[in-house]
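Since the structure comes first, as structure tokens, the remarks are kept for the end.
Read the figures in this text as sums done on the coordinates, not as results from a lab. Source: prediction; values computed, not measured. Methodologically, a virtual Cβ is constructed for each residue, glycine included, from the backbone with ideal geometry; neighbour enumeration extends over all protein chains shown.
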Amino acid sequence: MIYLVYGKDWFRSREKIRELLEFFRVKIGSLGIFRIEGDDFDPAKLEELIRSQMLFEKKYIVFCDKIFENLQAHNFVEKNIEKIAATPNIFLFLEEELDKKLLDMFKKYSKKVQEFKVSYKPHKEISFGDYNPFAICDAVAEKNKSRAWILFQKALLSGVPAEEVFYKIVWQVKNLLLIKKLSTAGVKNIEKETELHPYVVKKNLWSIKNFTEQELINYSFKLLKIYHDVRRGLEEFPLGLEKFLINI
């Protein structure tokens with residue numbers, strides 16, 4: 001039995017997977033749940049889960065968390081999707097996007113397919129104008145935590161997913177750290193070395209004065225931790241990013 005949850009709205013799609021996991025956990029019990037991610041995909045392991053059945057459980061759950069980032073996983077499921085659908089066990093797939101061929105196969109063989117699209121419709125009662133991701137990036141680069149937090153809240157109220165803001169801030173911190181390291185090393189032509197736009201380089205050269213290199217390294221690790229915690233269901237982008245912004 002197959003359930004597919006997918007779409008660009010990563011917050012709502014993961015919430016749906018949580019609901020399904022909780023629903024089946026009550027029915028099956030925690031001993032009957034297995035989780036597979038793209039970076040640890042093993043075709044032999046999944047083949048065994050398709051064929052076998054646990055001794056003390058009538059059914060078990062296999063949660064496949066964005067495994068199609070791994071091409072081997074993509075090809076395996078495409079080849080074996082009919083067998084996966086035929087097993088009495090429950091396979092939950094969570095993906096951001098799928099190619100048309102595989103999506104059509106899921107629609108054919110799945111018990112349920114649910115897509116969560118990103119919505120950018122602003123609230124009618126509140127209007128904050130056009131969303132400008134670079135304004136939040138600038139606030140981070142200025143180390144202006146209050147402005148960064150306010151702009152983040154406005155973005156959320158305007159319907160912008162926290163995940164989109166997250167990746168913009170990752171981009172900003174990555175550029176700051178790269179340019180900080182090159183500047184410290186005495187590299188003269190940073191534009192050529194980084195292949196960044198001259199305007200981006202100029203702004204970041206001014207902003208790196210606000211940070212030590214170690215601070216930027218720590219920020220990178222904190223953002224990476226938020227990403228992995230969200231993937232593991234331990235954190236949500238809105239709360240994780242809010243905590244990050246008020247501590248820059």
Check your understanding: Using a simple spin-label model with points 7 Å from Cα along the Cα→Cβ vector, what separation in nm is obtained for ILE150 and LYS107?
Key -> 4.6 nm
Check your understanding: Any idea what angle helix 162-184 forms with the longest principal axis of the chain, computed on alpha-carbon atoms, 0 to 90 degrees, nearest 10?
Key -> 50 degrees
Practice item. With +1 on each Lys and Arg Cβ and -1 on each Asp and Glu Cβ, and nothing else charged, work out how big the dipole of the range 2-115 is about its Cα centre, in Debye to the nearest 20. Key: 600 debye
Point to revise | Range of Cα positions in the range 176-248 per principal axis (Å), largest first | key: 43, 22, 20
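Let's see if you can work this out: charge +1 on each Lys and Arg Cβ, -1 on each Asp and Glu Cβ, no other charges. What is the dipole magnitude of the range 133-245 about its Cα centre, in debye to the nearest 20? Don't jump to the answer; show the numbers that get you there.
Working: 18 positive and 13 negative charges, 58 e Å.
Computed charge dipole of the range 133-245: roughly 280 debye.
Which is the longest run of the chain containing none of the trypsin sites (Lys or Arg not before Pro) found in DSSP loop states (not H, G, I, E, B) with at most 11 other C-beta atoms within 10 Å?
Details: sites that count: LYS111, LYS117, LYS124, LYS188, ARG232.
Longest stretch, sites excluded: 1-110.
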Point to revise | Of GLY159, GLY32, GLY186, the one that fluctuates the most in a GNM where the chain has Cα springs shorter than 10 Å | key: GLY186
Revision key, fill the gap. Of ALA185, ALA135, ALA73, the most mobile residue in a GNM of the chain (C-alpha springs, cutoff 10 Å) is ALA185
Exercise for review: Assuming R0 = 30 Å, can you tell me the calculated FRET efficiency for the pair GLU142 and PHE221, based on Cβ-Cβ distance, to the nearest 0.05?
Suggested key: 0.90
Exercise for review: For the chain, find the longest principal axis of its Cα atoms and tell me its angle to the long axis of helix 145-157, 0 to 90°, nearest 10.
Suggested key: 40 degrees
Revision key, fill the gap. With a 25 Å threshold on alpha-carbon distance, the violating pairs from LYS59/LYS225; LYS112/LYS168; LYS66/LYS225; LYS79/LYS107; LYS27/LYS83; LYS174/LYS203 are LYS59/LYS225; LYS112/LYS168
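Given a Förster radius of 45 Å and the C-beta distance between ASN132 and ALA86 as r, what FRET efficiency does 1/(1 + (r/R0)^6) yield to the nearest 0.05?
Numbers: r = 50 Å, r/R0 = 1.12.
Calculated value: 0.35.
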Check your understanding: What residue among ALA73, LEU102, ALA155 has its Cα farthest toward the positive end of the dipole of the chain, where the charges are +1 on Lys, Arg and -1 on Asp, Glu, each on the Cβ?
Key -> ALA155
Exercise for review: Could you size up the charge dipole of the chain around its Cα centre, putting +1 on the beta carbon of Lys and Arg and -1 on that of Asp and Glu, and report it in debye to the nearest 20?
Suggested key: 340 debye
Review point. What residue among THR87, THR194, THR184 shows peak mean-square fluctuation when the chain is described by a Gaussian network model with Cα springs under 10 Å?
Key: THR184
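Which GluC sites (Glu not before Pro) in the range 1-41 pass both tests, a DSSP loop state and at most 15 other beta-carbon atoms within 10 Å?
Values: sites: GLU15, GLU19, GLU22, GLU37; in loops: none.
Within the range 1-41, no GluC sites (Glu not before Pro) qualify (loop, at most 15 other Cβ atoms within 10 Å).
I want the local charge near ILE190. Using Cβ-Cβ distances under 11 Å, sum +1 for each Lys or Arg and -1 for each Asp or Glu among the other residues. Please report the intermediate quantities before stating the final value.
Details: positive: LYS180, LYS181, LYS188, LYS192, LYS202; negative: GLU191, GLU193, GLU195.
Summing Lys and Arg as +1 and Asp and Glu as -1 gives +2.
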